[in-house]
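These notes are about the structure you will find just below.
The values are calculated or read from the model by the stated rules, or taken from the named source; none is laboratory data. From a predicted model like this one, the values you see are computed outputs, not experimental measurements. Because the Cβ atoms are built from the backbone with ideal geometry, glycine has one as well, and the counts that use them run over all protein chains shown. Surface areas here come from the heavy atoms of the whole protein model, side chains and all, with no ligands, DNA or RNA. Shrake-Rupley method; radii C 1.70, N 1.55, O 1.52, S 1.80 Å.
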Amino acid sequence: MDNLLKTEMLAIPQELISQSQEEYLYQEYHDAKKDPLKFSRFLKSLDKNKIVQNTYFIPEIKESIPEVLPESTFFGSDKKTTIVIRKHPKATPIFTHSHEFLEFFYVLKGKSDQKINEIDFKMNEGDLCLIPPNIRHSLSVFDDSIILNILVRRSTFEKIFHNFLCMDNILSSFILNNMYSKKAADYLIFHTYNNPEIHNLIIEMYNESKNPDLYTQDLLQIYLHKLFILLLRNSKDNYDLPPDVNKDNLLRFDIIRYIQDSYKEISLENLAENFRLTPQYASKLIKQITGHTFSEIVLNIRMQQACSLLKNTKIPIGDIAYEIGYLNPEHFIRIFKRKYNITPKEFRLSSKE
């Protein structure tokens, strides 16, 4: 028998099984809603400020559900918090929303109904769905199913996972496409079929997040990277994309990846020649696909890599300039300051604080 199949699955933590205070409130909400008079009294009894402060979602209290959920909703003001893992509360009132961050839904137990941009589908135990920023969706859980939300700041992918995004696979293509394309895929679902390694890793991530310390976010970033690798290794072709994402969309994946891989020495002429296009048509196509010019995309990628090197290494600034494609360090410093209103040296010092 395959050793993977012999792996014992970790038990689900008791607090995920027990009903939380938030879930009690939502159950009371649904019970009251069966009687208009009772529901009216229930809504009047709610403290709107506490609802908003506790990040509870009550559709009748508009302040509790912004059109786009900002990162501060779950990450707070601490910029060092890049990954949050939480249980999706059962009986949460169904509301359509989008958010500024990336979100994973993992069906730890049971099943769930989901709607993404008017597409309805069911998620089964072991399914993991990735939803990028600015995608309208809703999720419903009204039984004993347990869904975990893994929330990730967009900047985490752009800075920390730069090397991973250079790899040629469906997950990095999906993320890159959503970073730079206006016509991106709305979701990516992996069917893990209760793979024990993936199940256990997500439980470990949840347990690590319960009692955070100085090293928790670093560990979660490592775990997330491992999760990506396990998904790609074990899911193979067991994933779903929206029906309208087909082979006709592959060119935009390839163009974005080519820019990502070749940003140090790339030119519009090189790119056009590689894809057998004229430079004029390549420029127009890139603008149509991404909403940005070729130069803007290259600049953003270079600056993201510069920020990562400044923050995570002691490489001299002149060497960083050369590493990301600038032969003149002074030119790099001017461009960096123009974009961030701070010099590379000042950025490096501030990131150590």
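In this structure, LYS345 does not qualify as modelled with pLDDT under 90 and open to solvent by 90 Å² or more (accessible area, probe 1.4 Å).
When GLN114 is tested against the conditions (1) part of a strand (DSSP E or B); (2) more than 22 Å from GLU23 (Cα to Cα); (3) touching a Lys or Arg at 6+ places or on another chain (Cβ under 9 Å); (4) not aromatic (Phe, Trp, Tyr), the lone failure is (2). In the stretch 109-131, the qualifying residues are those that are open to solvent by 10 Å² or more (accessible area, probe 1.4 Å) and hydrophobic (A, V, I, L, M, F, W, C), and the one that is nearest to LEU10 (Cα to Cα) is PHE121. Looking only at residues of the stretch 189-206 that are in contact with a Leu (Cβ under 9 Å, 6 or more places away or on another chain) and not in a helix (DSSP H, G or I), we find that the one that is surrounded by the most Cβ atoms within 10 Å (Cβ to Cβ) is PHE190.
Residues of the stretch 62-98 that are of a type in the set (Lys, Arg), outside any loop (DSSP other than H, G, I, E, B) and surrounded by 18 or more Cβ atoms within 10 Å (Cβ to Cβ): LYS87 alone.
The residues of the stretch 141-152 that are open to solvent by 20 Å² or more (accessible area, probe 1.4 Å) and either touching a Gly at 6+ places or on another chain (Cβ under 8 Å) or assigned to a strand (DSSP E or B) (or both), listed by number, are ASP143, ASP144.
Of the candidates VAL84, VAL68, the single residue that is within 23 Å of SER351 (Cβ to Cβ), in contact (Cβ under 8 Å) with a residue 40 or more places away in the chain and in contact with a strand residue (DSSP E or B) (Cβ under 8 Å, 6 or more places away or on another chain) is VAL84. Going by what's in this entry, would ASP237 be described as open to solvent by 50 Å² or more (accessible area, probe 1.4 Å), out of contact with any His (no Cβ under 8 Å at 6 or more places or on another chain), closer than 25 Å to ASN178 by Cα and part of a loop (DSSP other than H, G, I, E, B)? It is true that ASP237 is open to solvent by 50 Å² or more (accessible area, probe 1.4 Å), out of contact with any His (no Cβ under 8 Å at 6 or more places or on another chain), closer than 25 Å to ASN178 by Cα and part of a loop (DSSP other than H, G, I, E, B).
Of the residues making up the stretch 293-329, those that are basic (Lys, Arg) and either part of a loop (DSSP other than H, G, I, E, B) or modelled with pLDDT of 90 or more (or both) are ARG302, LYS314. Kindly check whether there is at least one residue in the stretch 103-111 that is more than 30 Å from ILE229 (Cα to Cα) and either touching a residue at least 40 places away in the same chain (Cβ under 8 Å) or of a type outside the set (Lys, Arg) (or both). Within the stretch 103-111, not a single residue is more than 30 Å from ILE229 (Cα to Cα) and either touching a residue at least 40 places away in the same chain (Cβ under 8 Å) or of a type outside the set (Lys, Arg) (or both). Evaluated against (1) surrounded by 13 or more Cβ atoms within 10 Å (Cβ to Cβ); (2) farther than 22 Å from LYS210 by Cα, PRO59 falls short on exactly one condition, (1).
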